[in-house]
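Structure, as structure tokens:
The values are calculated or read from the model by the stated rules, or taken from the named source; none is laboratory data. Keep in mind that this is a model prediction, so the values were computed, not measured. Note that we place each Cβ from the backbone using ideal geometry, even for glycine, and neighbour counts take in every protein chain shown. Just so you know, the surface numbers come from the protein's heavy atoms only, side chains and all, with ligands and any DNA or RNA stripped out. Shrake-Rupley method; radii C 1.70, N 1.55, O 1.52, S 1.80 Å.
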Amino acid sequence: MKTFGRVLTAMVTSFNSDGSVNIENCVAIANHLLDNGSDGLVVCGTTGENPTMSRDEKLALFNAIAKECGHKGSIIANVGSNDTMASAEFVKEVSNIDGIDGLLVVVPYYNKPNQQGQYLHFKTIAEATTLPIMVYNVPSRVGTGIFPTTLVQLHNEYPHICAIKEASGNLMIASEIKRLMPGDDFMVYSGDDGLTLPMLSIGGCGVVSVVSHIAGKDMNAMIQAYESGHNYEAIRIHQALSEIIKAMFITTNPIPVKYAARKIGLPVGKFNLPMCEPTADEAAYIDKALAEYLK
């Protein structure tokens, strides 16, 4: 199967003290990730605190990452919003950037469209680009989710809608997607680090990962072990990662991973409100898990 790669890291964004994006630091983080287990990057996603970034900042970051790091792995630009027409116009701009390999488009949040509304949303965006599109299904943040049947309709009509970041937490949804689209031309990525291994067992091809900021090589090794038929080794790595994965979601993403990435020396900068530093108890939990993982 042709994929964007096994491990796609939803990378953090480095901000300056005034809240602006530090492009140089972001490029350094991107290079580190691609040198340490990531096959590609999702730029300006939720983990990248995209709600606090301007359109121009996003375009500048997409350009810089694609130019400086695109030769090392896949670059997926997060372009989705809950405004269909604005998303489509933004997609046209991003599609003109050399080195962008695909687009991440979330199910529209807050306004909670029905399945027909979701179909029309993705249809409109698909007609604005020829780049591959990864749908992002994350009901816990959005308030609703896309049905497998809607996804099949979209893929059949627009084959470049060819992937999903499946973060519902319900493995039966991913299983149904693969039952309805069993071939190799539709990619199912786990949107939950802890479900990566079981997702592989039902036809998934990889993960859009947060913990890969810390454990990218192990995440990639786990997937390669499974693909090679070394199931017990894959299980061993999965279990070894369990505590650090739990720590990365002890509170709202990206708070733990940005804190942890700073601890290992990545130039992640500050949080932009409403994201903020972890509490003392949360920080202690993350510190303990990080120390255990790194020893």
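Enter the accessible area per residue of the chain (Å², integer; probe 1.4 Å; all protein chains in place).
42
Could you give the length gained on full extension between residue 96 and residue 228, defined as 0.36 nm per residue of separation minus the Cα-Cα distance, in nm?
Numbers: separation 132, 0.36 × 132 = 47.52 nm, distance 3.77 nm.
Here the segment from residue 96 to residue 228 would lengthen by 43.8 nm.
Could you go through the stretch 220-226 in sequence order and give the Karplus-derived ³J(HN,Hα) for each residue, using 6.51 cos²θ - 1.76 cosθ + 1.60 with θ = phi - 60°, rounded to whole Hz, and x for Gly and Pro?
The phi angles translate into 5, 5, 4, 5, 5, 4, 5 Hz.
Residue-wise, which Karplus ³J(HN,Hα) couplings in Hz belong to the stretch 118-134, taking 6.51 cos²θ - 1.76 cosθ + 1.60, θ = phi - 60°, and x for glycine or proline?
5, 4, 5, 4, 5, 4, 4, 5, 4, 6, 9, 8, 10, 5, x, 10, 9
So, with a 1.4 angstrom probe, what is the percent of accessible area on the stretch 191-265 that is carbon and sulfur?
Numbers: 1480 of 2910 Å².
Heavy-atom surface of the stretch 191-265 belonging to carbon and sulfur, 1.4 Å probe: 51 percent.
Hey, rough spin-label estimate for residue 263 and residue 291, points 7 angstrom out along Cα→Cβ, what's it come to in nanometres?
Between residue 263 and residue 291, the simple spin-label model gives 0.9 nm.
Once amide H atoms are built 1.01 Å from N in the peptide plane, which residues 5 or more positions from residue 9, or in another chain, come under 5 Å H to H?
HN-HN under 5 Å from residue 9: 39, 40, 41, 42, 209.
If you put +1 on each Lys and Arg Cβ and -1 on each Asp and Glu Cβ, how big is the dipole of the chain around its Cα centre, in Debye rounded to 20?
Roughly 260 debye, rounded to the nearest 20.
With the dipole of the stretch 181-295 worked out from charges on the C-beta (+1 for Lys and Arg, -1 for Asp and Glu) around the Cα centre, which of 234, 268, 205 lies farthest toward the positive end?
Of the options given, the answer is 268.
Run through the stretch 1-89 and list the chymotrypsin sites (Phe, Trp or Tyr not before Pro) located in a DSSP loop whose Cβ has at most 10 other Cβ atoms within 10 Å.
Taking the stretch 1-89 and a limit of 10 other Cβ atoms within 10 Å, no loop chymotrypsin sites (Phe, Trp or Tyr not before Pro) are found.
Can you work out the Karplus-derived ³J(HN,Hα) for every residue in the stretch 67-79? Use 6.51 cos²θ - 1.76 cosθ + 1.60 with θ = phi - 60°, whole Hz, and x for glycine or proline.
After applying 6.51 cos²θ - 1.76 cosθ + 1.60, I find 5, 8, 10, x, 6, 9, x, 6, 10, 10, 9, 7, 10 Hz.
Holding the Cα-Cα limit at 19 Å, pick out from 263/295; 2/178; 165/258; 58/263; 2/246; 2/165 the pairs that are longer than that.
Beyond 19 Å between Cα atoms: 165/258; 58/263; 2/246.
For the stretch 197-220 and the stretch 1-62, write down the distance between their C-alpha centroids in whole Å.
A separation of 18 Å, based on Cα centres.
Check which residues have an amide H placed less than 5 Å from residue 136's amide H, if you skip close sequence neighbours.
Amide H neighbours of residue 136: 105, 106, 107, 165.
Give the carbon-plus-sulfur fraction of the accessible surface of the stretch 24-94 in %, rounded to a whole number; probe 1.4 Å, heavy atoms of protein chains only. Please list the in-between numbers first.
Values: 1200 of 2590 Å².
Carbon and sulfur: 46 percent of the exposed surface of the stretch 24-94.
Once you keep just the Cα pairs under 8 angstrom separated by 6 or more residues, what percentage relative contact order results for the stretch 188-293? Could you put the intermediate results ahead of the total?
Details: 113 pairs, mean separation 24.2, N = 106.
Once divided by the residue count of the stretch 188-293, the mean separation gives 23 percent.
Using 1/(1 + (r/R0)^6) with R0 = 22 angstrom and r between the beta carbons of residue 20 and residue 115, what's the FRET efficiency to the nearest 0.05?
Taking R0 as 22 Å, the efficiency between residue 20 and residue 115 is 0.05.
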